[in-house]
Amino acid sequence: MSKEQSNSGKHPFSKFLKEEKSSAPAPAVKKTTKSVSDRPRKRTALDEKIEKHINNLDIDAKHSSKLNETKVDPFTEPVRLNKYLAHAGIASRRKADELIGQGKVKVNGEVVLEMGHKINPGDKVTFDNKVLNPEKKVYILLNKPKNCITTTSDEKDRMTVLDLIEGAYSKIKSLTKPRLYPVGRLDRSTTGVLLITNDGEMAQNLTHPSREIRKIYHVHLDKNLASEDFAKIMHGVVLDDGIAEVDEVAYTDPKNKNEVGVEIHSGKNRIVRRIFESLGYEVIKLDRVFFGGLTKKDLPRGKWRFLEEEEVRRLRHFKL
């Protein structure tokens, strides 16, 4: 996208950011007239942009060829120890190999150092003297509200994202309660798309800097973004930890220049807020509307849903 296109406000996600406010269903109250929020949300430019993102995902042929195969419980036949640890949510397979090499894993009471060791049905695997029980992998999409902590627990007893999905546990068919945790972080004041899972390998893939996961944010500022600062953001802003580059930036409404859409792949802490703060702006509201192919479309603030099977396959296999 050229600078001129961005300044004109004709950005591929500008209309979505403007209309997204009314995408959540209206409260169930009696009305005599039909309000704007009751009308079906029109298809927008960002809807098409997001679909293009999804359709262009490069699913590895060896994975897609397996989609129609009969599903088999991964632990009714021998599996590699590192895969077992990954399914148990301990670590990714690569990290699991390191833990095995460090002698931290036991099988049937014996330390195993062999990377390719296979686990048979009925074997007892322990890590840090705790018996592992592989859990069913769970993937939950949450539209995170404000004033909610992105952690599994909080010493100050503040609301966490896990408090919001408490109702999910009763719907999960698993012998043990899955140990869910958020993928990445959204600070307490930031809202929007958040993935929660117990899949350690996927979580690492989605948060590792080398993967360059795409995110789109709707930013509300305390004042209009000046054209010279717009240009600085387009070319990269110098922060204490290096240059902060964005993929795209645009005013969501040419007549309201204190609202900006930003597409970025950096995973640095508070990167969007720090970009604007470095230029003298205060971020009043920050909402993530897109993360690695996931959106909060039709998901009201504070609500959650399980990912569809196709969404999980794409998160696992597309080349990011």
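We did not get these values from a lab; they are worked out from the coordinates using the rules stated. None of the values given here were measured: they were computed from a predicted structure. We place every Cβ from the backbone using ideal geometry, glycine too, and count neighbours over all the protein chains shown.
For the range 284-320, applying the loop criterion from DSSP together with a ceiling of 11 other beta carbons within 10 Å to the GluC sites (Glu not before Pro) yields Glu308.
List the relative contact order of the range 79-131 as a percent without decimals, with contacts defined as Cα pairs under 8 Å and 6+ residues apart.
Once divided by the residue count of the range 79-131, the mean separation gives 34 percent.
Inter-label distance, Val131 to Asp222: 5.7 nm, where each label sits 7 Å from its Cα along the C-beta direction.
Just the number: Rg to Rh for the range 79-131, Cα atoms, Kirkwood Rh, two decimals. Ratio of gyration radius to Kirkwood radius for the range 79-131: 0.89.
For Arg80, the residues whose modelled amide H falls within less than 5 Å of its own, excluding neighbours fewer than 5 places apart on the same chain, are Ile119. Report the normalised scattering of the range 238-320 as log10 I(q)/I(0) at q = 0.10, 0.17, 0.20 Å⁻¹, calculated by the Debye formula with identical scatterers on the alpha carbons. Listed by q, the Debye log ratios stand at -0.35, -0.91, -1.11.
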